[in-house]
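Shown next, in structure tokens, is the structure this report addresses.
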Amino acid sequence: MDLFLYDLKLMDASLHKKYTGQDNQLILENFRKLSASGGNINLRIPLVEDISSQDINLKATIDFIQGMNISLINLLPYHSIGSNKYTKLNRKYQGESFKAPTEQRLAEISQLFSKKGFNIKIGG
């Protein structure tokens, strides 16, 4: 492997479980191990307005990843492109109320990470 794509959604374990159905402790531990092994990591951060895009989550993310081996951070604004798949699977789509952060907010978030020396790209 010459590149790892790794998603971090929420740093707070209880919020992570609420929105994803799973605790994030193993995810965070695996990220630590991958970084320590020298893996070339593109970190992907999905951004949902008023959930993962809140300052408290973003600052906790920055604190967690500071000093880790990260080549690029992709800030991924929420989209509902896959929502039609739920209908085909006879399942209810749970993300109707989710929204992407505004362009202004995306710029602010990008600056938060850039100021800490991270290479940022909005989108995948």
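Quick notes on this one:
- Dipole of region 4-122, positive end: most advanced residue of Leu75, Leu34, Phe118 [Cβ charges, Cα centre]: Leu34
- Working ranking of peptides 2-14, 21-33 by packing, defined as the average number of other Cβ atoms within 10 Å per residue, highest first, is 2-14, 21-33.
- Electrostatic dipole magnitude of region 4-122 [Cβ: Lys, Arg +1; Asp, Glu -1; Cα centre; debye, to 20]: 360 debye
- Taking amide H atoms as placed 1.01 Å from N in the peptide plane, the amide H of Arg44 lies under 5 Å from those of Tyr6, Asp7, Leu8, Asn74, each 5 or more residues away in sequence or on another chain.
- Its Cα gyration tensor gives region 23-76 an equivalent ellipsoid, and the semi-axes of that ellipsoid, as √(5λ) in whole Å with the largest first, are 20, 13, 10.
- At R0 = 35 Å, FRET efficiency that the Cβ-Cβ distance of Tyr6 and Asn90 yields, to 0.05: 0.65
- Ordering of 81-87, 58-64, 118-124 by packing is 58-64, 118-124, 81-87, highest average first (other Cβ atoms within 10 Å, averaged per residue).
- Alpha-carbon geometry of the chain: the Rg and the Dmax are 14.9, 45 Å, given in that order.
- A straight Cα-to-Cα reach below 24 Å connects Lys115 with the lysines Lys9, Lys59, residues fewer than 8 places away in its own chain not being considered.
Read the figures in this text as sums done on the coordinates, not as results from a lab. What you see is a predicted model; the values in this text were computed from it and never measured. Note that we place each Cβ from the backbone using ideal geometry, even for glycine, and neighbour counts take in every protein chain shown.
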